[in-house]
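Since the structure comes first, as structure tokens, the remarks are kept for the end.
The numbers here are math on the coordinates, done by the rules we state, and not lab data. Just so we're clear, the structure is a prediction, and the values are computed from it rather than from any experiment. All Cβ positions, even for glycine, are placed from backbone atoms using ideal geometry, and neighbour counts span all protein chains on display.
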Amino acid sequence: MHPEEIIDEICKRLDGLYPKTRWGELSLFYNPGEVLPHGVYFCTIKNHDGENDRASNLDREGVFRLAMGLTPKTYLRLFGPRPARPARGGVVDIACDFTLLNVLMPHPIYAWMGWAQLLNPSRERFEAIFPLIAEAHKAAAVKFKKKTAIRFINQAH
């Protein structure tokens, strides 16, 4: 699959999305009606290395990363306990080859936050992990509702 196909599929299947390019990647935010300045992001696509993000070697020809935030329960079920936060510019301390294609694995930088990555997913792998993306979307919707409720309460006072 290509990044554009993935974004189209996700936007077609899930509601309230606001795609936006930020931090050198395309991020999908849950933000129905664009109520918040950015919304709550839950999924990203990145196709190049960053200053502090080289572990996946995204600068290879045609390589991109699909990343998604997982719930704590799902991350634990798939990968075990979350690792400690790496030092600035570092990678999480996990025995993992972050350059492998079409393999779901912890994110090399943000695994400590419960994020996972998949480089260049095939159609079959994308379909297999889509429930994880949908779960991340649902979690983002819950966070969005909390943020907008707080915002509404603050505006009322």
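Mean-square fluctuation check for the chain, GNM, Cα pairs under 10 Å: which of Gly69, Gly39, Gly90 is largest? Largest GNM mean-square fluctuation: Gly90. Panel values: the stretch 1-49, Kirkwood radius from alpha carbon pairs, Stokes-Einstein at 4 °C and 1.567 mPa s, translational diffusion coefficient 117 µm²/s. Extending 7 Å from the Cα toward the beta-carbon at both Asp8 and Leu101 defines two label points whose distance is 2.1 nm. Rg/Rh for the chain (Cα atoms only, Rh after Kirkwood) is 0.98.
Local charge for Tyr41 was computed over the other residues whose Cβ lies under 13 Å away, with Lys and Arg +1 and Asp and Glu -1, and equals +4.
By the count of neighbouring beta-carbon atoms within 10 Å, fewest first, Met68, Met113, Met105 end up ordered Met113, Met105, Met68.
Past the 23 Å Cα-Cα mark, which pairs from Lys73/Lys145; Lys46/Lys147; Lys46/Lys73; Lys12/Lys46? Cα-Cα > 23 Å for Lys46/Lys147; Lys46/Lys73; rest within.
On a full-extension model of 0.36 nm per residue, what is the gain between Glu34 and Asn52, subtracting their alpha-carbon distance, rounded to one decimal in nm?
Values: separation 18, 0.36 × 18 = 6.48 nm, distance 2.98 nm.
Stretched fully, the Glu34-Asn52 segment lengthens by 3.5 nm.
Positive contributions from Lys and Arg (+1) and negative ones from Asp and Glu (-1), summed over other residues with Cβ under 15 Å from the Cβ of Gly80, come out at +2. Segment Glu61..Ala149, full-extension length gain: 27.3 nm, with 0.36 nm per residue of separation and the alpha-carbon distance subtracted. Label-to-label distance, Trp112 versus Arg85, with points set 7 angstrom from Cα along the beta-carbon direction: 0.6 nm.
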